[in-house]
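Undergrad: Please read through the structure below; I'll follow up with questions.
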Amino acid sequence: MSIVEKEKILGYTGKILRIDLTRNEIKEEDLKIEDIDNFIGGIGLATKIICSEVNPNIDSFDPLNTLVFMTGPLTGTMVPTTGRYVVAAKSPLTNGWGEAHAGGFFGVKLKRAGYDGIVIKGKASSPVYIYIDNDKVEIRDASKYWEMDIFETDLSLKDELKNKEFSIATIGPAGEKLARIACIASDITPDGPRIAGRTGMGAIMGSKNLKAIAVRGTKNILIANVQELRNTLRRILPSIMSSATVQYQALYGTAGEMWILYKVYGDVPIKNFSLGEWDGVENIIGEAMAKTVFKGHRGCYNCPIKCWKIVETENGLVRAPEYETIASFGTMLLVNDPHFLVKANILCNKYGIDTISTGSTIAWAMECYEKGILNKEDLNGLELQWGNKDAIQKLIQLIGERKGIGKILSEGVRIASAIVGKGSEKFALHVKGLEVPMHDPRAFQGMGLQYATSNRGACHLQGLVLRIEQGERVLDLKIYERYNRFDTEGKGRIVALMEDWYQILESMIICKFFPVPPTYVATFYTLVTGKTKKLPELIETGTRIFNLQRMFNIACGISKKDDTLPQRLLEEPLNEGACKGQVVKLEPMLKEYYQYRGWNENGYPTKEILEKLGLLAYSKLLK
Ligand code: SF4
C-alpha cells in the first residue's frame, strides 16, 4: 500500500519506477514515509537513493551508476512554477555528486502518469527508450533514433507514438558519444527545448544506451486543501509578481538584469574572466535581444512569469538563449551579434551539449590560441581569435560530434587543460571539474564561497547568494542585514543558509526564479500534502540533504582541497569595470563556513552533526 493510501499523504503519487536496463526489468516501488519525512522529494530523495545505492568508487560510466529523475510533492499542483524536475547521478564531469534541473512539462507528465520518479540502473545491450503512458511502461528499441539530434528525435518519436501529448526527454549525439559536457533536453518541440544542462547527465544516459524517455500522464494530482491553497495564492501572488526581478524576467527573460549586473556590479564575465569592460555588452542584454531576436514569451507549467523567450527560425519557433548562454557565447568569447548567439544556442541544443560548459571550454581554447599554446594545426585548421564566429560554430560541431580537437574539448575544461598542459590549467575556469557559470565572484564575495562549496562544483543556482549581496533580505531565514558585496564577514553563514534552502526548493520542486518567502513554501507543502511541516524542520532537511551530498563527494575523493576557486579569481584583479581591483578572499569565508556548518578543519561533517541530522547510518561514506 502506498503512503497515499496508507497515510493519506497527498501531493505524492507514492510510487517510484525502478528500471534495470541490463536485465530489461521494470518494477514499481512504494515511497517510504521515513524517506519523505527526511528528504521530502526531488533532489532530496535523489540524494538519499544515490547515497544509499551507488558505490562512490565506481566510474561514472559504470552500468552500476544510477540515474534518478525525480519530481517533488508540489510538482504539477496549482502552486506556480512547479513544472520542474531534477536528474542526478555520479557525474562524469566532476567524478562526484552530479545533478541538473529543467523546467517545462516533463516532470508534471511523469507525476500524472503515477510516478514520483524513475530510478534507472544498468546498461541496455542496444539503444532503447523508456515508454511511459500512464500505467503502461515499456523498454523499447531506439536504434533508429540513435545519432539523431534532439529535434529530430523528438519529432520522430512523437510520430511513432502518434500522440503529441507525450513529453520527451532525450540526449543528442554528444551524450551518445559520452561527451562529459552532454546535457538532457526535454519538451523540445514546439518552441523548446528545456535543458537539464550541468554535470554531464546526458553522458550518463548515453552510457546506459538510453536515448530517451517518453512520458504521457493524464491522472489527477490530489491536493489536501484546495480551497485554502487557492486563498493563500490569491493573497501573496500580487506582491510576488510586482517585484522588480520578476518584472525584468517576464519582459526580457533571464538576461533582463544583465545590464545592471554588468554596469553596476561588474558581475558579467568577459573574455574568459580577464576583462571588466567591453562595449559589445549593450547589443546582447535582454532589452536589446527583445528588439532584435525575441519573438514572444513562454512559460513552464503553470508559470505566471514566463521567463522563457522564443525566437523564430526557418524551422519554426525555438527557445531563445538564456542569460547563461548569452554570456557564455557572447561576453566570454567577445561576440556581440544576437543572431549568432541564437544560432550557437540551437547548435549546442541539437547536439545536446551544455552551453555554459561549451562556451567556457571554447573561451579557454581561445585563450590558449591567443597565448600560442594551441595553434591552427592543433585546432583542425581553425583561427581561433576572440569573436571569430565561424570558428566558434565549427568548434561547437566538432565538440558535438567528438571529432578532432572537439573530442578533447567535449571532456570539459579540466580534462582538456590537463591534456594540453603547458600552463593552460591556469585559465581553465572550473571548480571540482564543473565550468564556472556566468557570474564573476570577484563582484560578489559570497558567490565565490558558494562556487567553492557547492556540491556539484561551480554552481550559481545552489543559493544564488548574489541576490543577498545585492541587498535582498530573507527574514524567514534570519538574514536580516544588508551585506556589502565586497566584505567577507558573515558570508560563511549566509552561503550555508542559502545552499540549504535551495535544496528545499529543489526538493519541493519550485522554481528559484519565483521569489516566494520560505514560510509560504512550508505552507504550500502542508496544504498540498496534508502533512504539517514548519519552516525550521524544512531548513534542517535542507541541511541534511546538503551534508549527505557532501559525504558522497568525500567518498568520491572530493574534499577540502577541492573547496577552492580558479587562480584567476583568487589572484588576478580586473583593471577596469565595477569590480575593479577585487579578488575573492576565500580563506576567511571558508573558515567561517566550516565552523557554521559544524565541519572539522578538513571539511568533514562531525559525528555530532551526523547525529543531529540523522545521518549516522551513512558514516561509512567518510571512512
Ligand atoms: S520563471 Fe522561467 S524557468 Fe521558472 S518556471 Fe517560469 S518559465 Fe520556467
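No value in this document is a laboratory result; all are computed from the given coordinates. Quick caveat, the model's predicted, so the values are computed rather than measured. Methodologically, a virtual Cβ is constructed for each residue, glycine included, from the backbone with ideal geometry; neighbour enumeration extends over all protein chains shown.
Undergrad: Using a simple spin-label model with points 7 Å from Cα along the Cα→Cβ vector, what separation in nm is obtained for Met241 and Asn163?
TA: Once both label points are built, they end up 3.3 nm from each other.
Undergrad: Oh, and also: Would you mind giving the average projected area, over all directions, of the Cα convex hull of segment 3-216 in nm² with one decimal?
TA: Over every viewing direction, the Cα hull of segment 3-216 projects on average to 10.7 nm².
Undergrad: Hey, another quick one. Pulled fully out, how much extra length does the chain show between Met1 and Leu616, if you take 0.36 nm times their separation in residues and subtract their Cα-Cα distance?
TA: Fully extending the segment from Met1 to Leu616 adds 218.5 nm.
Undergrad: Taking the beta-carbon count within 10 Å as an exposure proxy, list Leu341, Leu527 from fewest neighbours to most.
TA: Leu527, Leu341
Undergrad: Can you tell me how the chain classifies by the Cα gyration tensor, rounded, prolate or oblate, using a/c under 1.5 as the rounded cut?
TA: rounded
Undergrad: So which GluC sites (Glu not before Pro) in segment 377-447 are both in a DSSP loop and have at most 12 other Cβ atoms within 10 Å of their Cβ?
TA: Of the GluC sites (Glu not before Pro), the ones in loops of segment 377-447 whose Cβ has at most 12 other Cβ atoms within 10 Å are Glu377, Glu383.
Undergrad: Moving on. Could you compute how fast segment 244-428 diffuses translationally, taking Rh as the Kirkwood radius over C-alpha pairs and applying Stokes-Einstein at 20 °C with viscosity 1.002 mPa s? Give it in µm² per second.
TA: 128
Undergrad: Could you calculate the FRET efficiency of Asn315 with Glu282 from 1/(1 + (r/R0)^6), where r is the beta carbon distance between them and R0 is 35 Å, rounded to 0.05?
TA: The value I calculate is 0.75.
Undergrad: Turning to a different aspect of this structure: Which one of Pro63, Val79, Ala100 is farthest out on the positive end of the charge dipole of segment 50-124, using unit charges on Cβ (Lys, Arg +1; Asp, Glu -1) and the Cα centre as origin?
TA: Farthest towards the positive end: Val79.
Undergrad: Another question, if that's okay. How about segment 146-239: which trypsin sites (Lys or Arg not before Pro) there lie in a loop by DSSP and see at most 16 other Cβ atoms within 10 Å?
TA: Lys162, Lys164, Lys219
Undergrad: Separate question: Assigning unit charges at the beta carbon (Lys, Arg +1; Asp, Glu -1) and nothing else, what dipole magnitude in debye, to the nearest 20, does the chain show about its Cα centre?
TA: Dipole of the chain, to the nearest 20 debye: 940 debye.
Undergrad: Tell me the GluC sites (Glu not before Pro) within segment 130-208 that lie in a loop according to DSSP and have at most 13 other beta-carbon atoms within 10 Å.
TA: Glu165
Undergrad: Using just the alpha carbons, could you tell me how many Å³ per residue the convex hull of segment 519-591 encloses?
TA: Given the Cα convex hull of segment 519-591, per-residue volume reads 160 Å³.
Undergrad: Do any of Lys90/Lys121; Lys32/Lys208; Lys27/Lys136; Lys432/Lys560; Lys271/Lys350; Lys309/Lys389 go past 18 Å between their Cα atoms, and which?
TA: Distance filter (> 18 Å) returns Lys32/Lys208; Lys271/Lys350; Lys309/Lys389.
Undergrad: Eigenvalues of the Cα gyration tensor times 5, then square-rooted: what semi-axes does that give for segment 389-470, in whole angstrom, largest first?
TA: Gyration-tensor ellipsoid for segment 389-470: 28, 14, 11 Å.
Undergrad: For a quick check: sort Arg140, Arg298 by the number of other beta carbons within 10 angstrom, fewest at the front.
TA: Listing Arg140, Arg298 from fewest to most nearby Cβ atoms yields Arg140, Arg298.
Undergrad: At 0.36 nm per residue, minus the direct Cα-Cα distance, what do Asn602 and Asn225 gain on full extension? Give it in nm, one decimal, please.
TA: 131.1 nm
Undergrad: A follow-up question, please. Checking understanding here: applying a Kyte-Doolittle mean of at least 0.0 and a length along the axis of at least 24 Å (C-alpha), which whole DSSP H helices in the chain pass?
TA: Going by DSSP H runs, the hits are 491-508, 535-555.
Undergrad: What is the spin-label model distance, in nm, from Glu370 to Glu383 if the labels are put 7 Å beyond Cα along the C-beta direction?
TA: Going from the Glu370 label point to the Glu383 one covers 1.7 nm.
Undergrad: What residues from segment 169-183 fall in the zone where the backbone N is under 14 Å from a label point 7 Å along the Cα-to-C-beta line of Asp59?
TA: Within reach of a label on Asp59: 178-180.
Undergrad: With 10 angstrom as the radius, rank Asp62, Asp133 by how many other C-beta atoms surround their C-beta, starting from the fewest.
TA: By the 10 Å Cβ count, ascending: Asp62, Asp133.
Undergrad: Would you mind working out the magnitude of the charge dipole of segment 244-428 relative to its Cα centre, with +1 at each Lys and Arg C-beta and -1 at each Asp and Glu C-beta, to the nearest 20 Debye?
TA: 420
Undergrad: FRET efficiency for Ser143 and Tyr480, Cβ-Cβ distance as r, R0 = 41 Å, nearest 0.05?
TA: Computed FRET efficiency for Ser143 and Tyr480: 0.10.
Undergrad: Per Stokes-Einstein, at 10 °C and 1.306 mPa s, what whole-number D in µm² s⁻¹ belongs to segment 238-292, with the Kirkwood radius over Cα pairs as the hydrodynamic radius?
TA: 132
Undergrad: While we're here: First check a/c for segment 5-99, with a ≥ b ≥ c the square roots of the eigenvalues of its C-alpha gyration tensor; if it is under 1.5, answer rounded, and if not, answer prolate when a/b is larger than b/c or oblate otherwise.
TA: prolate
Undergrad: Hey, another quick one. List the residues of segment 23-54 whose backbone N lies under 19 Å from a point placed 7 Å from the Cα of Lys8 along the Cα-to-Cβ direction.
TA: 33-34, 37
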